[in-house]
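Each remark here refers to the structure printed beneath this line.
Please treat every number below as a calculation from the coordinates, not as lab data. Values in this document were obtained by computation on a predicted structure and should not be read as measured data. Cβ sites come from the backbone with ideal geometry, for glycine too, and all protein chains shown count toward neighbours.
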Amino acid sequence: MTHHTPLTVEYLAAILTQQGVLTQDQLTTLQVQARQQEARLTAGHHGPGRRLHKGGERPTPSQLIASFSFEQPGTNGRVLTEDTITETLAAFLKLPYLKIDPLKLDLDVVTSHIPRPFALKHLIVPVAARAGELTIAVVDPFNTTVLDELATAHRLTITRVLSSCSDVQKILREFYGFRASVMAAEAEENVAIDLGNLEQLFRMRGDKELEGNDKHVISAVDFLLSYAFDQRASDIHIEPKRDKFLIRFRLDGILHNIHLLPKPLHAPIVSRIKILARMDLAEKRRPQDGRIKTAHNGKEVELRVSTVPVAFGEKVVIRIFDPDILLQDLDSIGFYPREYSLFNSFIHRPNGIVLVTGPTGSGKTTTLYSSLRTLSSPEINIVTIEDPIEMVMEEFNQIAVQQAVGVTFGTILRTVLRQDPDIVMVGEIRDQETAENAVQAALTGHLVLSTLHTNDAPSSIARLLDLEVPPYLISATVMGIVAQRLLRKVCQHCKEFRELTKEECEYLQIHRNKVKVAQGIGCKECRGTGYKGRTGIFEVLSITERIKQLISTKADPADLVRAAEEDGFASLRQLAIRKMLEGETTYDEVVSITG
């Protein structure tokens, strides 16, 4: 085999300097310190490049230069990353650059063309396949010999794209690891397809059916979880179909298909998750709830697991509670100043009820936990009543609702009041008993935080009246109501501006000409969606004297809104439009979330 000339740090640095990505001073620093830095990275003593490289293996030239965290000239302090270096090199060599998005890769394409040891040795990974053509991502653009040999051996046309070493290594680790576990598990499973609950087929048990604690199944589930954490997914859905099962992740509120896998692996993978969540393995006909506590990158992550029987077996949904997302500072979750100061004043009062409303997945839990964390101190006794406990926190006394043994929101709340709490958080007011006990708690000098399932703040009053809470008690106890939603934020990397059309302005009742709004055109950072991350909008209704009078006459929610607007109340729609005009979100998002 002929040896190619590998890419060197010197050659790469010269290209980067020529392309204006490195300054002359940075080049000098690099020339002086490169050898020392390489030794440090190989030994695993990480400098600023800690994220890019694992010790024990030699860094590639791109990783080595990226580890210096140089500031890119003329970019307002943007750090020179491995991705930027790779992209610059690709442009210089007139090669296509690919930022690998794991969600867009096909497990079969990645793992079935090249054996793992060979792919690891040469740092190459197949990323797309068409009839007679294979696209391969390479780290070293000069290593063409390997690709020529592959083309000859497989009788394929091979197209090269250049990708960063970190991206390629990650795919090789996650995809080949998951694939190896799945294939090994499949090889040990030789039973007929079980059509779950819909069509109970008679089946012979194989000599060796897969168990949830089979080593291959264990590693497949481990790969799946760490993949979800890396992608910052909020939920994992495992859905059985007739002869396959589907794995989907929810990212920024939108579901994405991840893997379609052979049906025989569904049961063992579900069993493994049930073992971890301490659920009953034998019970497959009733819904179950459980939780898993694990660690990722040195941080604890809490997972809530729910199983439910569907037509072709058990569907599993795993909700991922990342403490970084669930416990934020109140001022960083998206409140505008007026709404923030109002809400802050509610939660710092000694007694009364504060309600947070919105549909499932609108961030109510984050708001409540962040509020409790703000209030938490050694002198205060905080008790939460939840169904189920979202995230276990040592600072609070948390109680789980257990309907089966008669432990409901209402009954616990009665008992808790004998335990001298200062602040009580009730997961949800969903019946008359809970509403009455919450009112009683507020009247006897406690601060009560809770949630209601209503669409906006004013209609929460109507909901409490439905639960037969007398108007005078609502006026006496409820201090404020917050309704919230999560809006997807425009990706900062592919943001561009456009003008709203006349019709769009009319629809949103914006009475001015030439309204500029942002939108994302889609790029590698946002997986082509145009959105990255989410922000909250919070409609805050303060129960003023004027509002109290309207409550006592059981006034319509529309009358409440009119009165509140005179005091400066802004609706969810108005707040969303404000975020859009500030360039944080798009017209489409405003319409879909506050439609």
Handout entry: Debye-sum result for the stretch 296-341 in log10 I(q)/I(0), which assumes one identical scatterer on each alpha carbon, at q = 0.19 Å⁻¹
Key = -0.74
Practice task
For ALA137, enumerate residues with amide H under 5 Å from its amide H, sequence gap 5+ or separate chain, H modeled in the peptide plane.
Solution key: VAL125, VAL127, VAL161
Handout entry: Efficiency of FRET from Cβ geometry, GLU433 and ALA462, R₀ 25 Å, rounded to 0.05
Key = 0.85
Practice task
Would you grab the residues whose amide H sits under 5 Å from the one on PHE538? Only those 5+ places off in sequence or on another chain, please, with H modelled 1.01 Å from N.
Solution key: TYR336
Completion exercise
Given pairs LYS364/LYS554; LYS215/LYS241; LYS284/LYS532; LYS215/LYS489 and cut-off 30 Å on Cα-Cα distance, the over-length ones are LYS284/LYS532; LYS215/LYS489
Fill in the blank from the handout: For the chain, the longest principal axis of the Cα atoms and the Cα long axis of helix 9-18 enclose an angle in degrees, to the nearest 10, of 70
Fill in the blank from the handout: Summing -39500 (n - 2.57) over every DSSP H run of at least 4 residues in the chain and dividing by its residue count gives a helix-only mean residue ellipticity at 222 nm, to the nearest 500 deg cm²/dmol, of -11500 deg cm²/dmol
Exercise for the section: Check the straight Cα-Cα distances from LYS502 and name the lysines below 23 Å, setting aside those fewer than 8 residues away within the same chain. Expected result: LYS514, LYS516, LYS579
Exercise for the section: Would you kindly compute the Cα radius of gyration of the stretch 102-169 and its largest Cα-Cα separation (Dmax), both in Å? Expected result: 10.9, 30
Handout entry: Alpha-carbon Rg/Rh ratio, for the chain, with Rh computed the Kirkwood way
Key = 1.02
Handout entry: FRET efficiency estimate (nearest 0.05) - Cβ-Cβ, ASP148 to GLU506, R0 56 angstrom
Key = 0.35
Problem - For the chain, cysteines whose Cβ has no other cysteine Cβ within reach (under 4.7 Å) - result: CYS165, CYS505
Practice task
Return the distance in nm (one decimal) between the two label points of a simple spin-label model at ASN397 and GLN549, each offset 7 Å from Cα along Cα→Cβ.
Solution key: 4.2
Completion exercise
For THR384, other-chain or 5+-apart residues with amide H closer than 5 Å (H placed, Pro excluded) are ASN397, GLN398, ILE399, MET425
Fill in the blank from the handout: If every Lys and Arg gets +1 and every Asp and Glu gets -1 at its Cβ, then about the Cα centre the stretch 102-169 yields a dipole, in debye to the nearest 20, of 40
Completion exercise
Taking Cα atoms only, Rg over Rh for the stretch 428-501 with Rh from the Kirkwood formula is 1.24
Fill in the blank from the handout: With ALA220 itself left out, Lys, Arg at +1 and Asp, Glu at -1 over residues whose Cβ is under 11 Å from its Cβ give 0
Fill in the blank from the handout: Longest principal axis of the chain (C-alpha) makes with the long axis of helix 266-276 (C-alpha) an angle, in degrees to the nearest 10, of 60
Exercise for the section: Filter the GluC sites (Glu not before Pro) in the stretch 360-464 down to the DSSP loop ones having no more than 14 other Cβ atoms within 10 Å, then list what survives. Expected result: GLU379, GLU394, GLU395
Handout entry: Hz values of 3J(HN,Hα) by residue in the stretch 567-581 - Karplus curve (6.51, -1.76, 1.60), Gly and Pro given as x
Key = 9, x, 5, 10, 7, 4, 4, 4, 5, 5, 4, 4, 4, 5, 5
Problem - Positive-pole candidate from GLY536, GLY177, PRO323, dipole of the chain, charges at beta carbon - result: GLY177
Practice task
Please work out how much length the chain gains when fully extended from GLU565 to GLN492, using 0.36 nm per residue of separation minus the C-alpha to C-alpha distance, in nm with one decimal.
Solution key: 23.0 nm
Problem - Inter-label distance for LEU255 and LEU95, nm, one decimal - labels placed 7 Å from Cα along Cα-to-Cβ - result: 3.9
Completion exercise
Phi angles of the stretch 167-174, converted by Karplus (6.51 cos²θ - 1.76 cosθ + 1.60, θ = phi - 60°) into ³J(HN,Hα) in whole Hz with x for Gly and Pro, give 4, 5, 4, 5, 5, 4, 5, 6
Problem - From phi via Karplus (6.51, -1.76, 1.60), per-residue ³J(HN,Hα) for the stretch 74-91 in Hz, x at Gly/Pro - result: x, 10, 6, x, 5, 7, 6, 9, 4, 4, 4, 4, 5, 5, 5, 5, 4, 5
Problem - Segment ASP289-THR23, length gained on full extension (0.36 nm per residue, minus Cα span) - result: 90.1 nm
Handout entry: Stretch gain in nm, segment GLU71-VAL310, where the contour uses 0.36 nm per residue and the Cα spacing is subtracted
Key = 80.7 nm
Completion exercise
The simple spin-label model distance between GLN33 and MET183, using points 7 Å out along Cα→Cβ, in nm, is 4.3
